[in-house]
1. Which residue, of Glu101, Glu74, Glu50, Glu83, is farther than 25 Å from Val409 by Cα, acidic (Asp, Glu) and in contact (Cβ under 8 Å) with a residue 40 or more places away in the chain?
2. Output yes when any residue across the stretch 125-141 is β-branched (Val, Ile, Thr) and not in a helix (DSSP H, G or I), and no when none is.
3. In the set Val67, Val86, Val73, which member is hydrophobic (A, V, I, L, M, F, W, C) and not in a loop (DSSP other than H, G, I, E, B)?
4. Looking at the stretch 242-261 only, could you name the residues that are surrounded by fewer than 22 Cβ atoms within 10 Å (Cβ to Cβ) and in contact with a His (Cβ under 7 Å, 6 or more places away or on another chain)?
5. Find the residue count for the stretch 118-153, including only residues that are within 29 Å of the chain's Cα centre (by Cα) and surrounded by fewer than 18 Cβ atoms within 10 Å (Cβ to Cβ).
6. Is there any pair with a first residue in the stretch 241-256 that is among the β-branched types (Val, Ile, Thr) and a second that is at pLDDT 95 or above and open to solvent by 10 Å² or more (accessible area, probe 1.4 Å) whose Cβ atoms are under 6 Å apart and which are 6 or more apart or on different chains, and what are they?
7. Within the stretch 312-355, which residues are open to solvent by 60 Å² or more (accessible area, probe 1.4 Å) and modelled with pLDDT under 90?
8. So which residues in the stretch 195-235 are charged (D, E, K, R) and open to solvent by 40 Å² or more (accessible area, probe 1.4 Å), if there are any at all?
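The values are calculated or read from the model by the stated rules, or taken from the named source; none is laboratory data. Fair warning: this is a prediction, and the values are worked out from it, not measured in the lab. Cβ sites come from the backbone with ideal geometry, for glycine too, and all protein chains shown count toward neighbours. All accessible areas refer to the heavy atoms of the entire protein, side chains included, with ligands and DNA or RNA removed. Shrake-Rupley method; radii C 1.70, N 1.55, O 1.52, S 1.80 Å.
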Amino acid sequence: MALQFFNTYSREIEEFEPCDPSAGPIRMYTCGPTVYSRAHIGNFRAYIFEDLLQRHLELRGYKVHRVMNITDVEDKTIRGAREAGVPLQKFTEQFKDAFHEDADTLRIKRADEYPAATDQRYIERMIEMIGALISKGLAYQADDKSVYFRIKKFPDYGKLAHFDLTQLQSTGRVKHDEYDKEHIGDFALWKAWDEADGDVKWDSPWGPGRPGWHIECSAMSMALLGNQIDIHCGGVDNIFPHHEAEIAQSEGVTGKKFVRYWLHCAHLLVDGQKMAKSLGNFHTVQNVLAKSYTGRELRYALLRVHYRVPLNFTWEGMNEARESLGRIDEWLARLRQIGKRGNAQRSTSNVQGPTSAFEDALDDDLNISAALGFLFESIRDTNRAMDQDEIDAAAASAWLDWWKRINTVLDLEAEIDLVLPHEVAELAQERENARREKNWKRSDELRQRISALGWEVRDTKDGPKLTRAASSA
């Protein structure tokens, strides 16, 4: 089966074809956290879906260049910094660190870049884009000195969300969200400074202010991935207005199609309701760990249902995840024991070996439910065969090799205490010193050196944990 995904824009399953197969890695942009508090596990469901997508693309031979933004300037971060009585950067830094710690706990691969909206080079790119939109008549400065996008001048606005703009009613200039606009649907590109913003402001041709949320992602993705990208991901709540606005801004500037495939993850539910901070019904990764579950168990619980299907989070579901992983662990232990018994060069077993069914299921719009179904069917069948002594060392080795391959996508294997090479231990200690000094660039460089030696480091509440890197396909 050819690799295919459900494209939100067309509302159809489409065969995956990169924008330009000769251009190098797949260009993938994922909407990251807004760092005004710790991300909850509903956010991490989307990040795990994006992790699964990247890993499967890599399993299928693609290289992936993934960018995940960090939204560190918007109304909630500014309000949080003001209430805490600290500078914006100091306020958001703690939640950036917490996000990376939780992502590592859930074994989510690091993106290639994590651009922050407050970085001056991206602020300059945003200002440049806004100027271009104004020059084309697609944006205007209102009486309140803020700059807005004119949605009526962009005929395709609403097509991603399949939204009928006639449902938005406007009579001349209206006041909405504290900003004057020509049309109720016009969204802010540049927000004029006011007293509530404190010292959070940048100079611009339209006066001091700060960027709107939507223009931040357009500027950062285009700066790092180019004017056209292959895949853009996020939660379903990002579709409108955020991703709709990204399309209008980006294509308004370049005149080119911004994104080839839009993939969106359904909500994580609690008692049938969307998990949300505003509803107070959310759990963080740390909340779950405090109940004696592991990051591996939470990863499985958030991974096991197809990304376009809402997932109801329950503690019963966490127990099911623990039991499922226990079955995998026991199966691997039995295979390894058999593998030690004799010659693994040539199998005389009549039991059918691994097939491509797992990978084929993921080719079909990341059908993880079917893929896991095949995994556990294989575990059941091989366990029966082992009970009958029908699996020899070579057959066991073949299944273990298959597991190594699919685990590059799942990353669910239990961590085993191993002897740490002296060089790796020294690099890990040096990296921990760099983290204490908040030298993040040095910390990332040391992470890469550790990775080159075949080890992965994850930062947890109990300190850094080192494990052998998963074998590549």
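1. Of the residues listed, the single one that is farther than 25 Å from Val409 by Cα, acidic (Asp, Glu) and in contact (Cβ under 8 Å) with a residue 40 or more places away in the chain is Glu74.
2. no
3. So the residue among Val67, Val86, Val73 that is hydrophobic (A, V, I, L, M, F, W, C) and not in a loop (DSSP other than H, G, I, E, B) is Val67.
4. His242
5. Residues that pass the stated criteria total 5.
6. Qualifying pairs under 6 Å: Val253/Ala132; Thr254/Asn227.
7. Hits for the stretch 312-355 are Lys340, Arg341, Asn343, Gln345, Arg346, Thr348, Asn350, Gln352.
8. If the condition is that a residue be charged (D, E, K, R) and open to solvent by 40 Å² or more (accessible area, probe 1.4 Å), then Glu195, Asp199, Lys201, Asp203 are the ones that fit.
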